[in-house]
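Structure first, then comments.
The values are calculated or read from the model by the stated rules, or taken from the named source; none is laboratory data. Keep in mind it's a predicted model, so treat the numbers as computed, not measured. Every residue, glycine among them, receives a Cβ derived from its backbone with ideal geometry; neighbour counts consider all protein chains shown. SASA here: full protein model, heavy atoms, side chains in, ligands and nucleic acids out. Shrake-Rupley method; radii C 1.70, N 1.55, O 1.52, S 1.80 Å.
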Amino acid sequence: MKGAVVVILAVVVFGIGAEEVGRKQDGANVVPYHWPWLKEHWNRWYVSPFGDDGNGGRRPDRAFQTFQRAVEAADSGDVIVAEFGSYGGTGNVNLDITKDVRIQARDGDIVTVACSSRSEIGWIVSDAKVEIAGITFDTCNPAILSRSFETITLRNVTLARQNTGGSSVRGGKGVDASSSDGTGMLVLEDSVLEESSLYLEGIGGLEMRRTRVFGLQDPDATMFYGVVWLFDVPEITIAESIFEDMTIQQVVFSDARRPTMISVSDTLFRDVKGYGVSQGGAIRATGALADVELRILGCNFTGMRNLGIAERDGGAVHGSSDVNVLVEDSVFLGNEATYGGAMDCWGPCTVKSSEFESNVGVGSVVYCQGGNFLCQDCKYVNQTSPEEYGC
C-alpha cells in the first residue's frame with residue numbers, strides 16, 4: 001500500500017513516468033531511489049534572503065529565510081542550498097551547527113554571510129562533520145569557530161576581511177579551531193583567505209590545497225604569530241597554494257608538541273614582510289622535544305623580507321633543533337634577513353636540486369646554529385658572501 005501511494009504521488013505531483021519508479025525497503029520506510037528528481041532533492045533544504053522561515057524549505061520557491069531554520073529542519077547527511085544574496089543578522093550569524101551537514105551555494109550564485117560587528121561570529125561547529133562550499137564570510141570574528149569537531153571542509157570558500165578590532169591590524173581569524181582530545185581535521189580546497197588567518201590548536205590535522213592567502217597586515221606584531229598558526233597539530237599538508245602581499249611575523253608557524261609531519265609542495269610565498277621577534281618569514285617549524293619532519297618540495301620563495309624590530313633569522317625558512325628539514329626542487333629568490341637570507345637551520349637541513357639567487361644576510365643561503373647543512377646539486381647565483389655561515 002505504501003509503495004502504491006509513493007508511485008501515485010511521484011506520477012501525479014512530480015510527473016515521473018511509471019517506468020522510472022523504483023523503491024527500496026529501509027526498515028518501515030519506503031525510500032525512492034530511481035527517480036532522478038527525487039534522488040537529487042530528497043535530502044535538500046533551500047534558503048533564500050527572500051524566503052520565509054514559515055515555508056517548507058524543500059523547494060527554491062518555498063525556501064527558508066535563515067540558515068538556522070534550515071539546520072533545525074535538516075537531518076545529519078542532508079544538504080542545505082543557499083540562493084543568491086547576503087545573509088546577516090539573527091539566524092544567519094552566530095549560528096550553531098551540531099549536525100553532519102553540507103551547506104553550499106546554489107551553482108553560480110554569489111552567497112555571502114555578512115557580519116556587522118566585531119562581536120559577531122560566522123558559524124560555530126560543535127561535534128559535527130560539516131562541509132561548506134561556495135560561500136563567502138565577510139568581516140566576522142572569526143568566520144568559523146569550533147572547540148570540538150570531526151571534520152570541517154571548506155571548498156571554494158572565501159574568508160574576507162575578518163575583524164579583530166586592532167588599531168594597526170587589517171584582518172583577523174578566518175578559522176579558530178581547537179580540540180581537547182587531539183582530533184579534528186580542517187580541509188581547505190580552492191579557497192581564498194583575504195585579510196584572514198587560521199588559528200589551529202591541538203587538532204588532528206590541516207589539509208590546504210589550491211588556496212590563495214593575501215592581504216593580512218600586522219606591522220606591530222600585536223595579534224598574530226603566523227597567518228597559518230598551528231600549535232600541536234601533527235599532520236600538516238599545504239599544496240599548490242599562494243601566500244603573498246602581507247606584513248606579518250611569519251606565514252606558516254608550526255609549534256609541535258607531538259611527532260609532526262609538515263609537507264609543503266608546489267606553493268608560492270611572495271612579497272611578505274616579516275616583523276616582530278621571530279624566525280622564518282615563510283615557514284617556521286619548532287618542536288618542544290617532539291620529532292618534526294619539514295618537507296618542502298617544488299616551492300618558490302621570492303621577496304621574503306624578515307626585517308623586524310630585532311635581529312631576524314631565516315628570510316624564508318627556519319627549523320629549530322628538533323626539526324629535520326628537507327628541501328627539494330625549490331627556488332629562493334631575493335629573500336632577506338639579518339642572519340640566513342634564505343634559511344636558518346638549528347637542526348639537520350638537507351637541500352637537493354634547488355636554486356638560491358640574490359638572497360641577503362649573514363649566510364645568504366643559510367645560517368647554521370648548531371645544525372648540519374648539506375646542499376646537493378644546488379645552484380648559487382649572485383649570493384653575498386658568506387653563503388653558508390656557521391655550518
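Which length gain, in nm to one decimal place, applies between ALA73 and VAL331 when the Cα-Cα distance is subtracted from 0.36 nm times their residue separation? Mind showing how you got there, number by number?
Details: separation 258, 0.36 × 258 = 92.88 nm, distance 5.17 nm.
Result: 87.7 nm gained on full extension.
Run the numbers for ILE242 and ARG210: contour at 0.36 nm per residue of separation, minus the present Cα-Cα distance, in nm. Don't jump to the answer; show the numbers that get you there.
Working: separation 32, 0.36 × 32 = 11.52 nm, distance 0.77 nm.
Between ILE242 and ARG210, full extension yields an extra 10.8 nm.
I'd like the carbon and sulfur percentage of the solvent accessible area for the range 94-141, probe radius 1.4 Å, heavy atoms only, ligands and nucleic acids excluded.
Carbon with sulfur: 41 percent of the solvent-accessible area.
Can you pull the one-decimal nm distance between simple spin-label points at LEU268 and THR90, each 7 Å off the Cα toward Cβ?
About 4.7 nm separates the two model spin labels.
Quick one: net charge of LEU333's neighbours, Cβ under 10 Å, K/R +1, D/E -1?
-1
Give me the one-decimal nm value for the distance between modelled label points at ARG58 and VAL381, 7 Å along each residue's Cα-to-Cβ direction.
So the label points at ARG58 and VAL381 sit 6.5 nm apart.
Counting pairs of Cα atoms in the range 180-250, how many percent are more than 21 Å apart?
Working: 659 of 2485 pairs.
Summing the P(r) of the range 180-250 above 21 Å gives 27 percent of all pairs.
So, R0 is 25 Å and r is the distance between the beta-carbons of ARG147 and GLU235; what FRET efficiency does that work out to, to 0.05?
On the way: r = 20 Å, r/R0 = 0.78.
My answer for the efficiency is 0.80.
Where does the charge balance sit around THR139 when Lys and Arg score +1, Asp and Glu -1, over other residues with C-beta under 10 Å from its C-beta?
Values: positive: ARG118, ARG161; negative: GLU120, ASP138, GLU195.
Result for the local shell: -1.
What does the extension gain come out to for SER353 and ASP107, with contour length at 0.36 nm per residue minus their alpha carbon separation?
84.2 nm
May I ask you to give the solvent-accessible area per residue for the range 42-180, in square angstrom, as obtained with a 1.4 angstrom probe?
On a per-residue basis, 42 Å².
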